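Following: one structure in structure tokens, then a few remarks.
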Amino acid sequence: HTCVSLTSGAAKCWGRNGEGAVGDGTNTNRSTPTSVIGLTSGVTAIEATQSLSTCALVAGGNVKCWGFNAGGQIGDGTTDDRLTPTDVSGLTGVVAIATGWSHACAALSSGAVKCWGANVFGQLGDGTTEWGLTSVDVVELNLLS
């Protein structure tokens with residue numbers, strides 16, 4: 001699937017939607033850009049993953065994710081797929097986002113970095129291989145240092 005943020009701040013997605021990656025409240029594949037429910041303005045960045053989840057950075061420094069969630073990559077404390085955008089728990093002051101196969105990370109205005117999702121190979125950077133169903137601190141990393 002593919003997603004874009006428009007200059008108006010709205011989010012649109014299209015493509016494979018089996019787990020809700022398009023964010024339109026359905027599992028129906030979309031061959032044309034479709035509005036993401038609840039994201040009609042304020043989107044400053046959007047990341048679509050190969051693992052059928054999506055995250056958006058919204059005005060005010062919050063992150064919303066949706067779609068496939070078997071690895072906890074939605075960051076809402078569950079492994080339930082989400083058909084519409086859901087707040088990532090415990091994140092504020094976000095200035096940038098990045099996503100991987102089954103995880104995501106956010107850079108905060110403080111310089112700290114937080115990640116969430118699958119952590120089989122230590123990709124969350126917290127010194128463990130425990131999955132993060134909510135955001136965890138990347139240890140010994142401050143982007144302002």
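The values are calculated or read from the model by the stated rules, or taken from the named source; none is laboratory data. Remember, it's a predicted structure, so these values are computed and weren't measured experimentally. No Cβ is skipped: glycine too gets one built from the backbone with ideal geometry, and neighbour counts run over all protein chains shown. Side chains are part of the model used for accessible areas, which takes the heavy atoms of the whole protein and leaves out ligands, DNA and RNA. Shrake-Rupley method; radii C 1.70, N 1.55, O 1.52, S 1.80 Å.
Things worth noting here:
- Test: residue 104 is closer than 19 Å to residue 48 by Cβ and touching a Phe, Trp or Tyr at 6+ places or on another chain (Cβ under 8 Å): yes
- Criterion violated by residue 133 - all others in (1) touching a residue at least 60 places away in the same chain (Cβ under 8 Å); (2) hydrophobic (A, V, I, L, M, F, W, C); (3) touching a His at 6+ places or on another chain (Cβ under 9 Å) satisfied: (3)
- Considering the range 3-73, the qualifying strands (runs of 3 or more DSSP E), each wholly inside and each with 2 or more residues that are touching a Phe, Trp or Tyr at 6+ places or on another chain (Cβ under 8 Å), run over 30-35, 53-58.
- Number of residues in the range 92-135 that are open to solvent by less than 20 Å² (accessible area, probe 1.4 Å), in a loop (DSSP other than H, G, I, E, B) and over 23 Å from residue 1 (Cβ atoms) equals 3.
- Residue that is surrounded by the most Cβ atoms within 10 Å (Cβ to Cβ) [pool: residues in the range 50-91 that are under 21 Å from residue 29 (Cα atoms), of a type in the set (A, V, I, L, M) and more than 9 Å from the chain's Cα centre (by Cα)]: 52
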